[in-house]
Amino acid sequence: MNIVQTTTFRRAVKKLHKNQKKQLDNAIKTIVENPDIGEAKVGELSGISVYKFKMVKQLTLLAYSYENQTITLTLLALGTHENFYRNLKKSS
């Protein structure tokens, strides 16, 4: 599987601590094993799924898109719920 990171996602990951990166890696592995695990969005965000997981006891959202034809997982955004969807709309 080909995994692609957007610049928005890459910037968010740069700010994480080592233990947070491990939890993020586990979440990404979960998505790779089952790309349909995230909640599919509708409207302006159609084609994007959001997977919710705990990172250091805080709910974290990971936005991604999955293309089955080319087997590509595109990691779009990472963050807490506050303003997550608003910022995701702006970046997509």
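The values are calculated or read from the model by the stated rules, or taken from the named source; none is laboratory data. Predicted, not measured: the structure shown is a model, and the values here were computed from it. Don't worry about glycine lacking a Cβ; one is built from the backbone with ideal geometry, like all the others, and counts go over all protein chains shown. Calculation scope for accessible area: heavy atoms of the full protein, side chains included, ligands and nucleic acids excluded. Shrake-Rupley method; radii C 1.70, N 1.55, O 1.52, S 1.80 Å.
Overview of values
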quantity: Selection within region 19-36 - touching a Ser or Thr at 6+ places or on another chain (Cβ under 9 Å) and open to solvent by 30 Å² or more (accessible area, probe 1.4 Å); calculated: Gln20, Gln23, Asp36
quantity: Residue in region 18-52 that is modelled with the lowest pLDDT, counting only those that are under 21 Å from Thr7 (Cα atoms) and either among the acidic types (Asp, Glu) or in a strand (DSSP E or B) (or both); calculated: Glu44
quantity: Subset of region 53-77 [in contact with a strand residue (DSSP E or B) (Cβ under 8 Å, 6 or more places away or on another chain) and farther than 24 Å from Asn2 by Cβ]; calculated: Lys54, Leu59
quantity: Which listed residue is exposed (fewer than 13 other Cβ atoms within 10 Å of the Cβ) and at negative phi, from Leu45, Leu76, Leu59, Leu16; calculated: Leu59
quantity: Candidate set from region 78-92 (those that are in a helix (DSSP H, G or I) and of a type in the set (A, V, I, L, M, F, W, C)); member that is nearest to Thr7 (Cα to Cα); calculated: Leu88
quantity: Condition met for Glu39 (open to solvent by 90 Å² or more (accessible area, probe 1.4 Å), among the charged types (D, E, K, R), without any contact (Cβ under 8 Å) to a residue 24 or more places away in the chain and touching a Ser or Thr at 6+ places or on another chain (Cβ under 7 Å)); calculated: yes
quantity: Long-range neighbours under 9 Å by Cβ, at least six apart or interchain, first residue farther than 18 Å from Thr8 by Cα within region 63-74, second at pLDDT 85 or above and open to solvent by 20 Å² or more (accessible area, probe 1.4 Å); calculated: Glu67/Thr74; Asn68/Pro35; Thr70/Asn2; Ile71/Asn2
quantity: Cβ-Cβ under 6 Å pairs, at least 6 apart or on other chains, region 8-21 side within 14 Å of Tyr64 (Cβ to Cβ), far side of a type outside the set (A, V, I, L, M, F, W, C); calculated: Thr8/Ser91
